[in-house]
Structures are given as C-alpha cells and as structure tokens.
Amino acid sequence: KKGQYACIHALEDGIYVALASGAVGKVPIIYDMHSCIPEQLSTHPLFSNRLAQWVLKRFERYALKRSSIVSCSVGLKDYIKQIVPDTPVAEWTFSDPGNDAARQLDEPARLLRAELGIDPDAPVILYAGNFQDYQGVDILIDAVPKIRQAHPEAVVVLLGASNDYNAKQIQSRGDGALVVCPRQPHKLVATYLHMAQILVSPRK
C-alpha cells in the first residue's frame, strides 16, 4: 500500500493478493495465469462440491475482469474470452531455438549431457518441477518401458527431486533410461530445458 509501483505482475493465485492490496484502478495488473484454479481444485475434497466450485469461479471471474491484461499458457485464451470478452489476453509464445540466446546454451547443454552420462545424440524427454503426487511423475516413470520400446535410445530426465526422494531407487525403475536430478538453481534450469527435445507435464 505504501509503495509506488508502475505495475503489478501477479503469478497464479498471487492475483488475489494483488486485488486485496487495493491496487485495482491505481496501477496496471498483469495476471500471469498458468491454469484454471477452479479446475485444478475440482478433485480436492474441500473444493469439489458445487457450492465451492461456484465460489471459486466467481473469484476467478472477478480476478480476470479486474486485471489490466492476462498472460496465459496456450489453450486458456478461449476459456478466458468466454468469461471476460473485454479483458486483453496474451498467450505465451516460445522463442526460436536457433536464436543467439539459445545458441549460447548449446555448449553448456552438451556438457550437462556428459555430466549426466547421456549420449550426445540420445533424445531427451524432460520433466521439470516438484515431485508432488498431483504432478503425475509416477505416471511418467511407469511409462518409461513403453517409451524405450518405441524409442530404445531415449532418456527420461526428472528434474526437481527434493532431499526426501530416493533418486537411486527411482532410477532403478527406469532400467538405464531414467535420470533423476535434484532441484537446481534457477539460472541452471534453462540449460536443462535446452538439453531436451521433449518437455512433458504428466499432471493428474
């Protein structure tokens, strides 16, 4: 309330903090929307009932309506426009992998492959995120034999394991086609992404 801001960039449910701060109408608010929160909570015991979903959708509509612009992941634009036709929406786009910034990651990605024991020409399938149950990492692990059957040279990399996960035990389930990496500093994540040919999100 005391700060003088040019704008507020609200990530996911951070939009409600921005709205509660009384910023509406004072500074532009960018709502960075990764997912539909009512849908994400539709299987939660406390929020799956009709009344809770109605309340969540009312909150979502209010947040979308009060935002100056919504930046969303691909696939959400039509959903948002159905709710608030007049709110500007921008879907994320992905940069050209051949640009200068990407080429600067070629060598670090090559070295990372060597460090992880991955063949330079092997296709890498990467999951990056936490290992909570809702992320569906177990689904991806169970799929490794089928992946290897279709593409024997492929390697699945799981990035983001915390200290309470037994990486060796998980890797043993992959029969040499699975690499489990602990959480990394933010500055290194781009190299992991650049190393991969396929990024996956096996959300339940």
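The values are calculated or read from the model by the stated rules, or taken from the named source; none is laboratory data. Note that the structure is a prediction, hence the values are computed from the model and not measured. A quick note on method: Cβ atoms are made from the backbone with ideal geometry, for glycine too, and the neighbour counts reach across all protein chains shown. The protein model used for the area step is the full one, side chains on, heavy atoms only, and it has no ligands, DNA or RNA in it. Shrake-Rupley method; radii C 1.70, N 1.55, O 1.52, S 1.80 Å.
In nm, what is the difference between 0.36 nm times the number of residues separating Val74 and Arg183 and their Cα-Cα distance?
Values: separation 109, 0.36 × 109 = 39.24 nm, distance 2.58 nm.
That pair, Val74 and Arg183, stretches by 36.7 nm at full extension.
Summing Lys, Arg as +1 and Asp, Glu as -1, what charge do residues with Cβ under 12 Å from the Cβ of Ala10 carry, Ala10 excluded?
Residues close to Ala10 contribute a combined charge of -2.
Assigning unit charges at the beta carbon (Lys, Arg +1; Asp, Glu -1) and nothing else, what dipole magnitude in debye, to the nearest 20, does the chain show about its Cα centre?
Numbers: 22 positive and 21 negative charges, 199 e Å.
Computed about the Cα centre, the dipole is about 960 debye.
Just to confirm, what accessible area per residue do you get for segment 1-89 at 1.4 Å probe, in whole Å²?
Per-residue value: 66 Å².
Run down the aspartates and glutamates and flag those whose C-alpha is under 16 Å from the C-alpha of Lys77, throwing out any fewer than 8 positions away in its chain.
The reachable aspartates and glutamates, counting only those whose Cα sits under 16 Å from Lys77, are Glu12, Asp32, Glu39, Glu60, Asp86, Glu91.
Report, in debye and to the nearest 20, how large the dipole of segment 45-126 comes out about its Cα centre when Lys and Arg carry +1 and Asp and Glu carry -1 on their Cβ.
On the way: 11 positive and 11 negative charges, 191 e Å.
The dipole magnitude comes to about 920 debye.
State, to one decimal in nm, how far the label point of Tyr134 lies from the label point of Gln40, with both points 7 Å from Cα in the Cβ direction.
Between Tyr134 and Gln40, the label points sit 0.7 nm apart.
Summing Lys, Arg as +1 and Asp, Glu as -1, what charge do residues with Cβ under 14 Å from the Cβ of Arg58 carry, Arg58 excluded?
Within the 14 Å Cβ shell, the charges total +4.
For Ala128, what residues show an amide H to amide H distance below 5 Å, using hydrogens built from the backbone and excluding near sequence neighbours?
Distant-sequence amide H within range of Ala128: Leu159, Val200.
Under the definition of Cα pairs under 8 Å and six or more residues apart, what whole-number percent is the relative contact order of the chain?
Normalised by residue count, the contact order of the chain is 16 percent.
For a Förster distance of 30 Å, can you work out the FRET efficiency between the beta-carbons of Arg103 and Arg61, rounded to the nearest 0.05?
0.10
Calculate the all-directions average of the projected area of the chain's alpha-carbon convex hull, and give it in nm².
14.8 nm²
What helices does the chain have that are whole DSSP H segments, at least 18 Å long along their own axis by Cα, and with mean Kyte-Doolittle hydropathy of 0.5 or more?
Helices meeting the span and hydropathy rule in the chain are 137-150.
Tally up the carbon and sulfur contribution to the accessible surface of the chain as a whole percent, 1.4 Å probe, everything protein left in place.
Heavy-atom surface of the chain belonging to carbon and sulfur, 1.4 Å probe: 55 percent.
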